[in-house]
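Asker: For reference, the structure I am asking about is given below.
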Amino acid sequence: MTTKIAIIDDHQLFREGVKRILEFEKTFEVVAESEDGEHALEIIEQYHPDVVLMDINMPNQNGVDTTRQLVEAYPDTKVIILSIHDDESYVTHALKSGATGYLLKEMDSDSLIEAVKVVKEGGSYLHPRITHNLVEEFRRLSDRLSSGAAYQKQELIRPLHLLTPRECEVLQLLADGKSNRVIGETLYISEKTVKNHVSNILQKMNVNDRTQAVVTAIKNGWVEVR
């Protein structure tokens, strides 16, 4: 089935670049574009896209407010925020508004395509650097909960009852915030093989996306927080 996509961003060259990348995927169709958040609802009503790529900073109306209105009016439409900011406050506001994805504009083409596929199927997707920041925040929270006591590093327990040794390596690299391309380069395997490993990990862990997999792995002590 075709995934219909709308791009809302006030920079025309950026929109054209994103559209060009998306059109390499045969099942993707960019059905609408806009440079203004104020016209987003009109676009959704007219073209009914499955996924909206939304710039967080736009004139007249920002992407967070636009996303909140859009999700309230069209709850089946998925929104991926596009931003240059990796600060936790931006991510938090975007996710609270109803977005199910957050990508930094320095993303590579594979991350963009993967994000659209994941949110279309009901999952959530965060840029690898955002995932890394999430891990760091979890570590800071653990330190605070220690009530001033010396932080004791949790003994690492590989989930070999659930995952293969190679899948454990991939899971650790996901927790490190690495993209599929970097994971492939690190383990000397192809990106396609990495994607297969990630898919198997999500299925075995019974989670919807890589962010949930990382959070679950941290809670169970399956990965090293570094």
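The values are calculated or read from the model by the stated rules, or taken from the named source; none is laboratory data. This one's a predicted model, so the numbers in the text were calculated from it and none came from an experiment. FYI the Cβ positions are ideal-geometry reconstructions off the backbone, even for glycines, and counts take in every protein chain you see. Just the protein is used for accessible areas: all its heavy atoms, side chains included, with ligands, DNA and RNA removed. Shrake-Rupley method; radii C 1.70, N 1.55, O 1.52, S 1.80 Å.
Asker: Run down Gln172, Gln203 and say which single residue is within 16 Å of Val118 (Cβ to Cβ) and modelled with pLDDT of 90 or more. Before the answer, list the steps.
Answerer: Values: Gln172 fails: within 16 Å of Val118 (Cβ to Cβ).
Only one candidate qualifies: Gln203.
Asker: Moving on to the next point. Within segment 4-44, take every residue that is in a helix (DSSP H, G or I) and under 21 Å from the mean Cα position of the chain (by Cα) and give me the one that is surrounded by the fewest Cβ atoms within 10 Å (Cβ to Cβ).
Answerer: Just the residues of segment 4-44 that are in a helix (DSSP H, G or I), to begin with: 12-22, 37-44.
Checking which are under 21 Å from the mean Cα position of the chain (by Cα) leaves us with 14-15, 17-22.
On the way: Phe14: 14, Arg15: 19, Gly17: 14, Val18: 23, Lys19: 15, Arg20: 11, Ile21: 16, Leu22: 20.
Here the answer is Arg20.
Asker: Return the pairs, sorted by first residue and then second, in which the second residue is in a strand (DSSP E or B), the first residue lies in segment 82-96 and is aromatic (Phe, Trp, Tyr), the beta carbons are less than 9 Å apart, and the residues are 6+ apart or on different chains.
Answerer: Listed pairs, sorted by first residue: Tyr90/Ile81; Tyr90/Ser83; Tyr90/Tyr102.
Asker: So Met1 clears everything in (1) without any contact (Cβ under 8 Å) to a residue 60 or more places away in the chain; (2) assigned to a helix (DSSP H, G or I) except one condition, right? Which one?
Answerer: Result: Met1 fails condition (2) only.
Asker: I've got another one for you. Just to verify a result, which residue in segment 100-129, among those that are open to solvent by 10 Å² or more (accessible area, probe 1.4 Å) and hydrophobic (A, V, I, L, M, F, W, C), is modelled with the highest pLDDT?
Answerer: The selected residue is Ile113.
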